[in-house]
Amino acid sequence: MKIIGGSASQLLASRVASRLGCELIRVEYKRFPDGESYVRVQDDIDEVLIIQSTVVDSDWICLLQLIDACEGAKHIRVVIPYVGYARQDSQSHPGEAISARALAKTVHADEIFTINIHNPSILKYFSGKARDLDAAPSIGRYVSSLKLNKPIIIAPDNGARALAESAASNLGIDFDVLEKKRLSGDEVEIRAKHLDVTDRDVVIIDDIISTGGTMAETIELLRRQKPNDIYTACVHPVLVRDAVSRLFQAGAKDIIATDTIEKGVSVVSVAPIIAEALK
Ligand code: R5P
């Protein structure tokens, strides 16, 4: 099997290639004067693995071009570590596009892998056998290596509860989820559902940090309960606009993320779980 690193996942593809002992294929990327993108795969391929996150629209185009360029291959596997548009997974108003469905339908391959896709029900729209991999245990192991003070992993909402549980389980780390409690007609308290965070190091985990709004609000609410240090963690560091400054300004000690999107905060690699899934 040979590996192609898409334009958005060059480093991750190299890491997977070195873990699996596979050859990386060079790809020529360029743009025509009108802005259209061009790719040419510079090798003959029999079995191929394409790795490309789809953070921005042009990443989707690149992914589709790479799959098309490999049309002659006997077996095509695709890893989309971060699936963009996955949060547009249902209609809130009539007439809205379910964009996650629209885009997933365009991906045709023998096997497709995603990592902590925002909503696993999207997998059924891909044309090919699709499977979601879980990066949370890798984040948990990184948290464990930090030797924090009585650490607790917290999900900001029920949507992230499974992620917090998966990161904490098997490591002896506590986890909890935030819950809203109405104290009176106009007073709401938000606190960890089961555990007290006072004097403990807290790691708030979510699948995506985009604007940082969810994390910043969660940090602010948790600080009232006098925890020790607060870390933020996610699988996919989308981090748009001033999200990084926003989190540090809110009081985050650090941001922990994976390389499904290659950023400075991507201290945990998902290469081992991709390599393991492909063996
Ligand atoms: C939402 O459903 C996701 O799980 C994240 O909580 C959300 O995308 C985070 O976005 P932001 O950083 O903009 O608050």
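The string of couplings for region 230-237 from the Karplus curve (6.51, -1.76, 1.60, θ = phi - 60°) is 10, 9, 10, 9, 8, 7, 10, x Hz, one whole number per residue in order, with x for Gly and Pro.
Over all other residues within a Cβ to Cβ distance under 9 Å of G212, the charged ones net out to +1, with Lys and Arg as +1 and Asp and Glu as -1. For region 16-26, 3J(HN,Hα) computed residue by residue from phi via the Karplus equation (6.51, -1.76, 1.60; θ = phi - 60°) reads 5, 4, 6, 5, 8, x, 9, 7, 8, 9, 6 Hz, glycine and proline entered as x. Using a Cα-Cα cut-off of under 26 Å, which lysines could be cross-linked to K263, ignoring same-chain neighbours fewer than 8 residues away? Straight-distance partners of K263: K2, K30, K147, K253.
Compared with the dominant Cα axis of the chain, that is its longest principal axis, helix 57-69 is turned about 40°.
How much of the DSSP bridge set in region 136-259 is antiparallel, in percent, rounded to the nearest 5?
25
Close amide-amide hydrogen proximity is noted between V265 and no other residue 5 or more places distant or on a separate chain, at a cut-off under 5 Å (H modeled in the peptide plane; Pro and chain starts excluded). Helix 213-223 and the longest principal axis of the Cα set of the chain meet at an angle near 30°.
Taking packing as the residue-averaged number of other Cβ atoms within 10 angstrom, the listed peptides 217-223, 89-95, 227-233 run from highest to lowest as 227-233, 217-223, 89-95.
Counting only DSSP beta bridges with both residues in the chain, what percent are antiparallel, rounded to the nearest 5? Bridges in the chain are about 20 percent antiparallel.
Within the listed set I173, I209, I153, the residue fluctuating most in the Gaussian network model of the chain (springs between alpha-carbon atoms under 10 angstrom) is I173. Given R0 = 25 Å, the distance between the Cβ atoms of S127 and N170 translates into a calculated FRET efficiency of 0.10.
Rolling a 1.4 Å probe across the protein heavy atoms gives the chain an accessible surface of 49 Å² per residue. Calculated on C-alpha atoms, the gyration radius of the chain divided by its Kirkwood radius gives an Rg/Rh of 1.01. Using alpha carbons only, the radius of gyration of region 136-259 set against its Kirkwood radius gives Rg/Rh = 0.95.
Mean residue ellipticity, 222 nm, helices only, the chain: the sum of -39500 (n - 2.57) across DSSP H runs of n ≥ 4, divided by residue count and rounded to 500, is -7500 deg cm²/dmol. For I50, nonlocal amide neighbours, meaning residues 5 or more places apart or on other chains whose placed amide H falls under 5 Å from its own, are I4, R77, V78, V79. In this structure, the amide hydrogen of Y231, modeled 1.01 Å from its nitrogen in the peptide plane, lies closer than 5 angstrom to those of V202, V203, I204, K253, counting only residues at least 5 positions away or on a different chain.
Computed from the C-beta positions of E47 and S14 and an R0 of 25 Å, the FRET efficiency is 0.85 to the nearest 0.05. Normalised by the number of residues in region 136-259, the mean separation of alpha-carbon contacts (under 8 Å, six or more apart) gives a relative contact order of 24 percent. The S144 and R40 beta-carbon pair, evaluated with R₀ = 35 Å, returns a calculated FRET efficiency of approximately 0.20.
The values are calculated or read from the model by the stated rules, or taken from the named source; none is laboratory data. This one's a predicted model, so the numbers in the text were calculated from it and none came from an experiment. As a convention, Cβ positions derive from the backbone with ideal geometry for all residues, glycine included, and neighbour counts pool all protein chains shown. SASA here: full protein model, heavy atoms, side chains in, ligands and nucleic acids out. Shrake-Rupley method; radii C 1.70, N 1.55, O 1.52, S 1.80 Å.
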